[in-house]
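One structure is given here, and the rest of the page talks about it.
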Amino acid sequence: MDDEQQRPAGQDSGPLAGFTVGVTAARRADELGALLQRRGAVVQHAPALRIVPLADDSELLAATKELIDQAPDIVVATTAIGFRGWIEAADGWGLGEALLGRLRGVELLARGPKVKGAVRAQGLTEEWSPSSESMAEVLDRLLEEGVEGRRIAVQLHGEPLPGFVESLRAAGAEVVGVPVYRWMPPEDIGPVDRLLDATVTRGLDALTFTSAPAAASLLSRAEDRGLLSELLAALHHDVLPACVGPVTALPLQAHGIDTVQPERFRLGPLVQLLCQELPGRARTLPIAGHRVEIRGHAVMVDGALRPVPPAGMSLLRTLSRRPGWVVARAELLRALPGAGRDEHAVETAMARLRTALGAPKLIQTVVKRGYRLALDPAADSKYADV
């Protein structure tokens, strides 16, 4: 998937129809994008970082030799891709069998079912795996067992392990880090900049994160461009930040950003969560005998998706803030991006909006005053004080 907006082919329905979702993932971005598109979303992808394997890295080689020469008591495997990468790198150095032989004789802990699968694929058996897939639960188990004087190898995986290594060392353990891969900035920063621009201009309805380094990288790039305050404002109020889990959310929380997270830390539940959250944020109004739901970049009219140009969406959102009330042309002109001072721009954009909606009577022209949404009379009292 490239950074261009990906539209679901032939799909004009689904819980995410009419919404645009940003994807920052480097790994499994195609899978996440496909899940979103199947539910109707438009996807804009920009990997906020890239994964650099360390097959030729001296740090990983040194750690591997150290563990082969001096056996650890415990090995903590944290990610499936990282564990597989470690074994593959060791094979490349001619140390694969020696490493596997060493791992067969230690207490092996696997964080979650995917890591457990990677461990077993190598003919190894894990001693234990937490049901929560949480490193906090792994830490609790280790501290309850007692780690003083024990040698523990921890597979590092690019994401922060808040207090994990420090807590083990404070409890008397010797900790050996195994750095299997590193996160690096993307080689082409252009897609990230376009994703940032789309976020701060509210061109996105949600922004997804599947790793803490991706969140940290996006925040760092925004700061470099002088856009950090604008990005935080967008994520505070208009663009929904959705994280695959609590560790991923840490860089955002450090900036005071509240995020939504699924109960299970997986891509499928993350998409299901967006399917609940985004439609719940849409504005639904009874207008001129129709049910009109105002979504991110489109409008549902009686359940049918109507794509609307950005200028038209700006007008419609302005009208919907006071449904049934007349909004002056001057106010609508201010809502148009880059419209200047010519009120004729409002008439042009309004004509295109009516065409896009397919129901011209939804918006009424009030001569010499402006425009209003033709709110159904029964709804007048409900929206009188809006």
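The values are calculated or read from the model by the stated rules, or taken from the named source; none is laboratory data. Since the model is a prediction, treat every value here as computed from it, not as a measurement. As a convention, Cβ positions derive from the backbone with ideal geometry for all residues, glycine included, and neighbour counts pool all protein chains shown. Ligands, DNA and RNA are stripped out before the accessible areas are found, and what is left, the full protein with its side chains, is counted by its heavy atoms. Shrake-Rupley method; radii C 1.70, N 1.55, O 1.52, S 1.80 Å.
Worth a mention:
- Residue within segment 20-35 that is over 25 Å from Met313 (Cα atoms), free of Cβ contacts under 8 Å to residues at least 40 places away in the same chain and not small (Gly, Ala, Ser) present: yes
- Checking each residue in segment 282-297 for being surrounded by 15 or more Cβ atoms within 10 Å (Cβ to Cβ) and at negative phi picks out Ala282, Leu285, Pro286, Ile287, His290, Val292, Glu293, Ile294, Arg295, Gly296, His297.
- Residues of segment 54-112 satisfying the condition of being of a type in the set (Ser, Thr, Tyr) and either in contact with a Leu (Cβ under 8 Å, 6 or more places away or on another chain) or modelled with pLDDT of 95 or more (or both): Thr64, Thr78
- Selection within segment 111-124 - more than 19 Å from Val244 (Cβ to Cβ) and either basic (Lys, Arg) or surrounded by 12 or more Cβ atoms within 10 Å (Cβ to Cβ) (or both): Val119, Arg120, Ala121, Gln122, Leu124
- Scanning segment 20-50 for residues that are under 17 Å from Cys275 (Cα atoms) and either in a loop (DSSP other than H, G, I, E, B) or open to solvent by less than 10 Å² (accessible area, probe 1.4 Å) (or both) yields Thr20, Val21, Gly22, Val23, Leu32, Gly33, Leu36, Arg39, Gly40, Ala41, Val42, Val43.
- Residue match in segment 298-314 (condition: farther than 30 Å from Leu375 by Cα and surrounded by fewer than 22 Cβ atoms within 10 Å (Cβ to Cβ)): no
- Single match in Leu305, Leu278 (criterion: among the aliphatic types (A, V, I, L, M), touching an Asp or Glu at 6+ places or on another chain (Cβ under 7 Å) and over 25 Å from Ala233 (Cβ atoms)): Leu305
- The listed residue being without any contact (Cβ under 8 Å) to a residue 60 or more places away in the chain, open to solvent by 20 Å² or more (accessible area, probe 1.4 Å) and in a helix (DSSP H, G or I), out of Arg169, Arg194: Arg169
- Exclusive hit being farther than 17 Å from Ala71 by Cβ, touching a residue at least 12 places away in the same chain (Cβ under 8 Å), not in a helix (DSSP H, G or I) and not charged (D, E, K, R), set Gly117, Gly149, Gly123, Gly105: Gly123
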